[in-house]
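For reference, the structure is listed below as structure tokens.
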Amino acid sequence: MIPASLVKYEDSNLIVSFDSIKAKITILNKNEDKLKTIFQQGSFKTELSFSKIPRPQHPIPPYEYEEKEVTLTNAKINLNGTLTVPSNKSLSKEGKFPAIILITGSGAQNRDEEIFGHKPFLVISDFLTKLGFVTLRVDDRGVGIDSKIISNSDTFDFISDAICQINYLKSLDFIDISKIGVLGHSEGGLISFILASEYSQDISFIISLAGPALRGDILLLLQQEAIARASGVKEKDIKKMIEINSALYGAVIKYKDEQSNENLINEIKNIAKKYKLSKEDAERVIAELTSKWFKTFIAIDPSYYIKKIKCPALLLFGEKDLQVPAKQNLEAINSILSQTNQTNLKIIVAPSANHLFQKASTGNIFEYALIKETISDDTLNFIKDFLISLF
């Protein structure tokens, strides 16, 4: 996912800015059936209209399994979520079920990881529950409660929330505590690597959907270049964007361990001056790059954790994913495997899949809303086959 840097109302229009890819969306009007917007990235500008599109994969209640609303508490923060319990008992032994927690990608996400009307985690949870797994999915900390909570949180706070969810499952008498797994998407995939590596006693298996294998700064630059090119941005503008962001990210890495942001802010100001960024752009960049989440995410090296994974792991990538590009991330994983010879990692590239694992034409993020499919059958079957091989 690409987290928004700024959301504001201006002249009755909603403007959503994405500083990491130098883009913004202006929503000119909205109603239940149609959305008219202007997308701008660098010198590229186009008008986009979105009509309400059916989401045929969304399950419709009543469900053929039990669903419970739950509230967990971690670090004095309430985590509201949904627990599903199968009626299919084929995987249960002595009344105890295997269980899977679902972990969302970056940005403020609800329990269904809802985006453009799609609810991927609702579909996946329904699919897994029908197979015979208990599932737990929760809203990100602060979602629907207080936006300041998530803005002051980082990847390791989300890991702490995931551990809270695992401990909750372990407290339920109908859960087989030796068969608790994690399914994570995007940053959630990264979190699954860290959990499997550092909390191996609690994790039986992991499923990563587009979990990055590259350090945050490298990933973001690849992402920005791929999305800009797919959006028709001129090569000279892409080159300049990457040059500026490389300098900015280098500054964050340089000062990542300092408690104070003073030196980092000064260096960002110098970079902004060198590249003649506007005052408004410079202020937005400072706010984004000095945030707790950004300073953490950009410096995490997933390879450190991937090489320590001992449990069975399914690592899925989308062939047309522009946010976590398959080619470069696979190269990073193959480099790890050449050193470790791990045989517990199953790596699959889902054909034609974008970052959401929909079958896509280009992989551009603005196809997400236009595709009726929420997640491809190929992807669901890869997950099913992996789980069947374990159980």
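Bear in mind that the values in this text are calculations on the coordinates, not laboratory data. As the structure is a computational prediction, the values presented were derived from the model and not from experiment. Please note: Cβ atoms are built from the backbone with ideal geometry, for glycine as well, and neighbour counts cover all protein chains shown.
Distance from the alpha carbon centroid of the range 161-237 to that of the range 337-368 works out to 13 angstrom.
The residue list Ile149, Asn344, Phe127 was ranked by how far each Cα lies along the charge dipole of the chain toward its positive end, using unit charges on Cβ atoms, and Asn344 comes out on top. Largest GNM mean-square fluctuation across Leu190, Leu330, Leu172, computed for the chain with C-alpha springs under 10 Å, falls on Leu172.
How would the range 270-391 be classified by its alpha-carbon gyration tensor: rounded, prolate or oblate, with rounded meaning a/c under 1.5 and the a/b versus b/c comparison settling the rest? Oblate, because a/c is 1.5 or more while a/b does not exceed b/c. The H on the amide N of Val70, modeled in the peptide plane, is under 5 Å from the matching H of Gly81, Thr82, Leu83, each at least 5 residues off or on a different chain.
Where only DSSP H runs of four or more residues are counted, the chain gives -11500 deg cm²/dmol as its mean residue ellipticity at 222 nm, each run worth -39500 (n - 2.57). When the alpha carbon gyration tensor of the range 216-297 is reduced to an equivalent ellipsoid, the three semi-axes, largest first, read 23, 15, 10 Å. Result for the chain in a Gaussian network model with C-alpha springs under 10 Å: among Val138, Val324, Val285, the largest mean-square fluctuation is at Val285.
The alpha carbon gyration tensor of the chain gives principal lengths a ≥ b ≥ c with a/c of 1.5 or higher and a/b greater than b/c, which makes the shape prolate.
A cut-off of 5 Å between modelled amide H atoms, ignoring neighbours fewer than 5 places along the same chain, links Lys346 with Ala313, Leu314, Leu315. Counting neighbouring beta carbons within 10 Å and listing from fewest to most, the residues Ser278, Ser186, Ser246 come out as Ser278, Ser246, Ser186.
Filter the chain for me: DSSP H helices, axial length by Cα at least 27 angstrom, mean Kyte-Doolittle hydropathy not below -1.0. List them by residue number. Long hydrophobic helices here: 235-254.
Net charge of the neighbourhood of Lys68, taken over other residues with C-beta under 13 Å away and scored Lys/Arg +1, Asp/Glu -1, is -1. Placing +1 on the Cβ of every Lys and Arg and -1 on the Cβ of every Asp and Glu, with no other charges, gives the range 264-369 a dipole of roughly 260 debye about its Cα centre. Once you have a ≥ b ≥ c as the square roots of the Cα gyration tensor eigenvalues for the range 332-391, tell me rounded if a/c is under 1.5, and otherwise prolate or oblate according to whether a/b is larger than b/c. The shape class here is oblate. For Ile286, what is the net charge nearby, where nearby means another residue's Cβ is under 13 Å from its Cβ and Lys, Arg count +1, Asp, Glu -1? With Lys, Arg at +1 and Asp, Glu at -1, the net is -2. Projecting the Cα atoms of Pro325, Ile194, Ile300 onto the dipole axis of the chain, where Lys and Arg carry +1 and Asp and Glu carry -1 at the beta carbon, places Pro325 farthest toward the positive end.
Charges were assigned to the Cβ only: +1 to each Lys and Arg, -1 to each Asp and Glu. The resulting dipole of the range 216-297 about its Cα centre is roughly 260 debye. About its Cα centre, the range 64-139 has a charge dipole of approximately 280 debye under the convention of +1 per Lys or Arg Cβ and -1 per Asp or Glu Cβ, with nothing else charged. Potential lengthening of the chain between Val70 and Lys236 amounts to 54.7 nm, from the contour at 0.36 nm per residue minus the alpha-carbon distance. Reported value for the range 182-247: 70 Å³ per residue, from the convex hull of its C-alpha atoms.
Remark: relative contact order (the range 118-246) = 15 percent; criterion is Cα-Cα distance under 8 angstrom and separation of 6 or more residues. With the charge dipole of the chain set up from +1 on Lys and Arg Cβ and -1 on Asp and Glu Cβ about the Cα centre, the Cα lying farthest toward the positive end among the listed residues Asn334, Ile206, Pro56 is that of Asn334.
Local charge sum around Lys295 (other residues, Cβ-Cβ under 14 Å, Lys/Arg +1, Asp/Glu -1)? Neighbour charge sum, excluding Lys295 itself: -4. Residues considered: Lys76, Lys89, Lys279. Largest GNM mean-square fluctuation over the chain, using C-alpha springs under 10 Å, is found at Lys76.
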